[in-house]
Structure formats: C-alpha cells, structure tokens
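Below is one structure, written out as structure tokens; comments come after it.
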Amino acid sequence: MTITITAFERSPDGGKGLARDTRVRWALEEVGQVYQVRLVSFRAMKEPAHLALHPFGQIPTYEEGDLVLFETGAIVFHIAERHAGLLPVEANARARAVSWMFAALNTVEPPILELGTARLLEGDKPWTRQRLPLVEERIRIRLSQLSTRLGDADWLDAAFSAGDLMMVSVLLRLRSSGILDEFPKLAAYVARGEARPAYKRAFDAQLAVNTGKPLTG
Ligand code: GTB
C-alpha cells in the first residue's frame, strides 16, 4: 500500500532537517519502506483538506490506505510495529524501547522546545534575559541524566531502536544552542544516529525539497 507523508513546502530551517517530517522519513528509511511526500504550505495546513488529516493543522501526517495518522510519536510507533528493524522482538526489550520513545517526547523534548519558544517567540520580552538561564538549566539537568544513563554505550538499550531514533531527533534540535556539545557522550550519540545510512537518506530527501536540488546517486 502506498505511504504518503506531508512535509513543509519550505521548511523555516531551510533544510537542516529539524522539521518533524525528518524523523518519519528516517523511520521509513530504517525499515526500507518506500514513501511519497505531499508538500504543504503554511496556508494549506490550516485549510479543511489538511485539517481533516491533522486536527491541529500541522505536519507531518501519514496516510496508508484508509489509515490516517498524525503525531510523530504515533507515526514512528506504527511504522516500528508494522515492520522489522526498529523494535526488538523480545517483549521486555520492546517495551523498554517504547519507554525511550516516550521519554524522548515527554521528558527530554519539552524543555528543548521551551528554549526555542523563549528565544524565537519571546526573545523581545523584558523577562526573557532572566528566563533563559532557567530554561537552559532545565535542559542541562535532563541531558546530564540522559548522559549518565547512556554511559559509554552506543545506544540507549543495547541495539539501535525507535527509542534512539526519537531521542536523536529530539537532541538534534539543540545543536545550534551549543548545549549538546557540553555533553560529549550525547554529542557522539547524536553523531552516531546521523551517520546511519537511513538517516542520511532521510536528511538528503528533505534537503532536496528545501534547496530545490534533486537527489543524486
Ligand atoms: N507533536 C507534534 C508531532 O510530533 O507531530 C508536533 C508537530 C509540529 O510541531 N509540526 C510543526 C508544524 O506543522 C512542524 S515541525 N508547524 C506549523 C504550525 O504549527 O502551524 C516543528 C518545527 C518547525 C520548524 C523548525 N525549524 O525551522 O527549525 C523545526 C521544527
């Protein structure tokens, strides 16, 4: 069955791979699923046709036959459940990998998103100078805990899983802040994720959309 996802017609990051379609592309590449992409403008996202797919008028969405999904957590979980390669077969290891997916989205990503909000949307507010260090400190606490747990391992729980895919995707949002580099084990962990051939294919595909340059090779 054809899989179609939606992505920004032009991502505000110009193709740095930070928009959330990249993590869905990455999951599809990891499991070897071919997919199509429908590009949507900011205006089209708020129109009825797209709102029927995504109640909050956002990207990405995922369509497969009569199944329509939104929320990258649900989409990546669906892909991982249906295809081999992103979740361990052993039941307990599988449950732990799912825990890491939730941890990425519910525990690590929120303070990282707060930093983006504080800088981009509230940067001109008089209280931002006082607030920023508090937000950054909350991120450092989480990264310190995560780094301790990761230790010298390559991945969070033995083999690479959808939990790592989600965690690396979330941490990538931090790179431009410099905070990630304060945690060398996590910076190396993210680099390992980015070095995966499936990630590179996903990244190149979104870059091609955002630079208008066709994929080669
Ligand atoms: N919780 C949802 C999920 O995980 O699927 C969040 C989806 C979401 O935030 N989508 C964003 C969106 O559609 C795009 S990814 N925004 C448009 C809107 O809400 O009107 C967030 C994003 C956007 C841009 C950058 N960037 O340029 O760096 C990074 C991340």
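For the stretch 1-89, the share of DSSP beta bridges that are antiparallel, to the nearest 5, is 60%.
Coordinate range of the alpha-carbon atoms in the chain per principal axis, descending: 47, 46, 34 Å.
Computed over the stretch 12-156, relative contact order equals 16 percent, with contacts defined as Cα pairs under 8 Å that lie 6+ residues apart. Beta bridges assigned by DSSP with both partners in the chain are antiparallel in approximately 60 percent of cases. Over the stretch 91-196, the pair-distance histogram of Cα-Cα distances with 10 Å bins from zero comes to 15, 47, 27, 10, 2, 0 percent, rounded to whole numbers. Calculate the FRET efficiency for A93 and Q33 from the Cβ-Cβ distance with a Förster distance of 25 Å, rounded to the nearest 0.05. With R0 = 25 Å, the Cβ-Cβ based efficiency is 0.65. Please give every one of the lysines within straight-line cross-link reach of K200, meaning a C-alpha to C-alpha distance under 19 Å, and leave out same-chain neighbours fewer than 8 residues apart. Here the lysines satisfying the reach criterion relative to K200 are K16, K213. Summing charges over neighbours of K200, with a neighbour being any other residue whose Cβ is under 10 Å away from its Cβ, gives -1 when K and R count +1 and D and E count -1. Selection among A84, L69, Q58 by position relative to the dipole of the stretch 27-153 gives Q58 as farthest towards the positive end (Cβ unit charges, Cα centre). How big is the gap, in Å, between the Cα center of the stretch 83-133 and the Cα center of the stretch 137-185? When both Cα centres are located, 10 Å separates them.
Computed extension length for S147-F102: 14.5 nm, one decimal, from 0.36 nm per residue of separation with the Cα-Cα distance subtracted. Charges were assigned to the Cβ only: +1 to each Lys and Arg, -1 to each Asp and Glu. The resulting dipole of the stretch 91-196 about its Cα centre is roughly 120 debye. Magnitude of the charge dipole for the chain, about its Cα centre and with charges confined to Cβ atoms of Lys, Arg (+1) and Asp, Glu (-1), is about 460 debye.
Projected label points at L113 and K200, each 7 Å from Cα along the beta carbon direction, are separated by 3.2 nanometres. Structure remark: mean-square fluctuation, Gaussian network model of the chain, C-alpha springs under 10 Å; the largest value among L53, L105, L121 belongs to L121. Summing charges over neighbours of A153, with a neighbour being any other residue whose Cβ is under 11 Å away from its Cβ, gives -1 when K and R count +1 and D and E count -1. Amide H to amide H, with H built 1.01 Å from N, V37 comes under 5 Å of I5, counting only residues 5 or more places away or on other chains. Mean residue ellipticity at 222 nm, helices only, the chain: -15000 deg cm²/dmol; runs of at least 4 DSSP H residues each add -39,500 (n - 2.57), and the sum is divided by the number of residues.
Every number in this text was worked out from the coordinates using simple rules, so none of it is lab data. These numbers come from a predicted model, not from an experiment. Every residue, glycine as well, gets a Cβ built from its backbone with ideal geometry; the counts of neighbours run over all protein chains shown.
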